[in-house]
Structures are given as C-alpha cells and as structure tokens.
Ligand code: SF4
C-alpha cells in the first residue's frame with residue numbers, strides 16, 4: 001500500500017490563525033478554599049494580581065467549600081470550557097503517581113506530579129478537552145502536604161533515580177508567575193539526591209526562576225512543533241523560536257533542558273517543516289545541555305474530534321487516516337508512525353548521534369522498528385536515562 005500524504009486524507013493548509021501568546025493568563029475569577037487562606041500559593045496569587053494592572057477587574061474570593069463550587073460548575077452548561085477561572089484547592093489524594101502510560105505501550109518509569117489541572121492555552125490536540133472532569137483551571141494550595149507526600153515516596157525507594165514531571169495534566173509554568181509553585185518545587189528538589197524534577201511547558205515566562213539555587217536537579221523542558229503548527233494548532237502559546245530562546249536563557253542559568261516532539265502531526269510538508277525545526281534547535285542549543293528528547297505522534301481518545309470541531313470546525317489535525325488502537329486511542333497507521341520516527345531520529349542524529357531520544361506511549365514493535373533493536377523495558381530505559389545524566393555531568 002502506498003503511504004503518500006494524498007492517501008492519508010489530510011486537507012490542504014488553512015490560513016494561519018495566529019492567536020497571540022498569553023504571557024499573562026487572562027483570569028477573570030480566582031477562588032480559593034477557605035482552608036487555604038494562609039497558603040503560600042494563595043498569598044503569592046493575591047500579591048501577583050495586586051501588582052499587575054491586567055488583573056484589576058479580576059474577582060478574588062474565598063469559598064466555604066470548594067467541592068460545592070466544583071459541583072455547581074459541573075452542572076452549569078455555560079461553564080463547560082472555562083479557561084478564565086482558577087480554583088486553588090486542597091488536594092487530599094496522591095500527588096505523585098506512576099505515569100499512567102497506555103495499554104500495550106512501553107513504559108519508561110516516569111512519575112507524574114499532579115499539582116494542577118488545565119491551562120490557559122488552547123492546543124487543539126489537548127487531551128484534557130475530554131479528560132478533565134472540571135471545566136476551569138486548578139492548582140493545589142496545600143503545599144506542605146504535597147511536599148511531605150513527595151518526600152515520603154521518594155525516600156521509600158532510594159535505589160532509583162526518580163524522574164518526576166509536572167506537565168501531564170497542566171502546563172508546568174503557564175500560571176507560575178502567579179502561583180510561585182515552580183520556585184517551591186525547584187528548591188525542594190535541589191535538596192533531593194536521587195530525583196530530577198522536570199517542568200514541562202510551552203510558556204517562556206521563566207525569568208523569576210533563573211536566579212534560584214536548583215543544584216542541577218531540575219530540567220526545564222519545552223514541547224516543540226514547527227512554527228506553522230504553533231500558529232494553527234497550539235493556540236495562544238509562545239512561538240517555537242520564543243521557546244528555544246527561553247531554553248537558551250535557562251541553560252545560561254545553569255539548568256539542563258529537554259524537548260518533546262509530541263505530538264508530532266502528519267501534515268503537508270511535514271518533513272521539511274520538522275527538518276527545519278530540528279536544524280534550528282541544534283544550531284541554537286548545545287546538545288550537551290539537552291538531557292533528553294521525546295517523540296510521540298498525535299493520538300487522541302474518542303470524543304476529542306467531535307469536541308474540537310464544535311469550537312474549530314476547520315481544524316485539520318484529525319483529518320488524517322487514523323485507526324482505533326487497542327489502547328482506545330486513534331493513532332496514525334503503524335507504517336506512518338515508523339516513517340515519522342525514523343525520519344526525526346535520523347535528522348536528530350545528524351547533529352547529535354548520542355542524544356537520549358525515546359518514544360512516548362509507543363508499542364514494542366514500533367520501538368523495535370525505530371531503533372532497530374529488541375524490546376526496551378523500563379529497567380533498560382532507566383539505565384539509559386541515568387547514563388545520559390552521568391555523561392552530561394562529566395561534560396559539565
Ligand atoms: S499547553 Fe498542554 S495543557 Fe495546555 S492546552 Fe496545550 S496541551 Fe493542553
């Protein structure tokens with residue numbers, strides 16, 4: 001079967017949407033649970049909005065019971081998709097858990113730090129559109145509980161080098177200028193020997209983090225896509241070049257960085273666009289400062305396409321031929337995914353043959369075809385992440 005783009009069902013490129021980057025989240029309402037009135041997060045947010053004119057009309061209020069507020073919002077049709085409201089609440093459950101992965105995919109033993117949900121940006125592919133059970137943005141306010149939970153779990157397994165990332169259910173830094181969560185976490189992880197924190201973001205607001213004592217224990221990472229996709233699909237996000245420029249600043253402040261080519265989208269001219277992006281990345285960032293790069297092709301759960309088309313009838317990302325895989329996600333056909341991974345890998349290896357590149361949420365057979373080697377399990381992958389860490393330490 002020929003696998004040309006024409007057969008894939010992709011539409012021609014629409015005109016760019018070019019929606020402006022939201023450097024300051026345009027919040028209209030901020031609520032916090034009354035149990036958190038002394039929380040450092042609530043105090044940070046209050047100070048932040050007082051010092052910023054753009055929040056002069058923002059409502060800031062205490063809630064008797066945040067659970068009631070959530071219940072009411074879930075019943076309100078008008079609040080179905082509300083990126084202008086922030087709730088600061090006391091998360092009582094597990095803050096840290098193993099990355100949920102997906103049925104049949106290779107696991108890399110990543111752990112997710114879940115301190116908030118949702119973000120002010122509006123990526124068309126964002127799985128939170130169907131996953132998030134509440135319509136607005138949330139951030140946890142009971143930081144002492146969060147840090148205690150982290151400390152206890154990390155200490156329970158001192159033999160492993162933990163990789164813990166906070167960008168699974170929310171952008172790690174999109175609200176950070178207001179909440180100050182990044183500073184709290186960076187300082188906490190600076191004291192932990194056997195863990196690395198990853199702050200995964202599309203924000204470029206990192207100035208307030210640059211002077212912190214991170215002790216080499218935090219990696220700041222950016223998702224990257226060609227500028228054309230940023231303009232059309234990653235709505236209200238910073239540009240690709242802004243993200244690379246922010247990574248340069250982070251490196252100058254001594255941070256290591258990482259990049260996620262995820263989701264890679266199969267569209268007209270994708271090879272040229274991704275090749276240009278890779279060339280730009282490696283001509284801007286020294287490869288010895290890049291801790292890892294992940295690759296993952298676009299996938300989505302049933303319901304996302306319908307949800308997306310209600311708001312963006314001209315969207316083009318779900319028009320390619322995709323099939324419902326055993327993990328109940330629509331994915332590109334395997335030969336297309338392999339073609340994409342092989343291409344991206346070979347482009348990256350031109351600039352950095354030793355780069356730690358891994359696939360996010362991919363099957364064993366796709367791993368095998370891409371890297372030309374037998375099954376890679378969590379232990380082997382862990383060893384590779386650790387080897388990369390040690391290599392970069394030696395290279396300084
Ligand atoms: S930045 Fe991440 S969390 Fe925010 S809309 Fe995009 S994909 Fe979703």
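Rule-based calculations on the coordinates, nothing more; no lab input. All of these numbers come straight from a predicted model, not from anything done at the bench. Please note: Cβ atoms are built from the backbone with ideal geometry, for glycine as well, and neighbour counts cover all protein chains shown.
Each label was represented as a point 7 Å from its Cα along the Cα-to-Cβ direction; for residue 58 and residue 190 these points are 2.6 nm apart. Look at 62, 347 and count the other Cβ atoms within 10 Å of each Cβ; fewest to most, that gives 62, 347. Normalised by residue number, the volume inside the convex hull of the Cα atoms of the stretch 39-95 is 121 Å³ per residue. Taken over the stretch 91-395, the convex hull of the Cα atoms encloses 129 Å³ per residue. Exposure proxy for 295, 212: other Cβ atoms within 10 Å of each Cβ, ordered fewest to most, give 212, 295. Scaled to the globular estimate 2.2 N^0.38 Å, the Cα spread of the stretch 264-337, given as radius of gyration, is 1.37. Summarising the overall dimensions of the stretch 260-389 from its C-alpha atoms, the Rg and Dmax are 15.9, 46 angstrom. By the beta-carbon count within 10 Å of each Cβ, the least crowded to most crowded order of 198, 207, fewest first, is 207, 198. Taking 7 Å steps out from each Cα toward its Cβ at residue 301 and residue 342 produces label points 3.3 nm apart.
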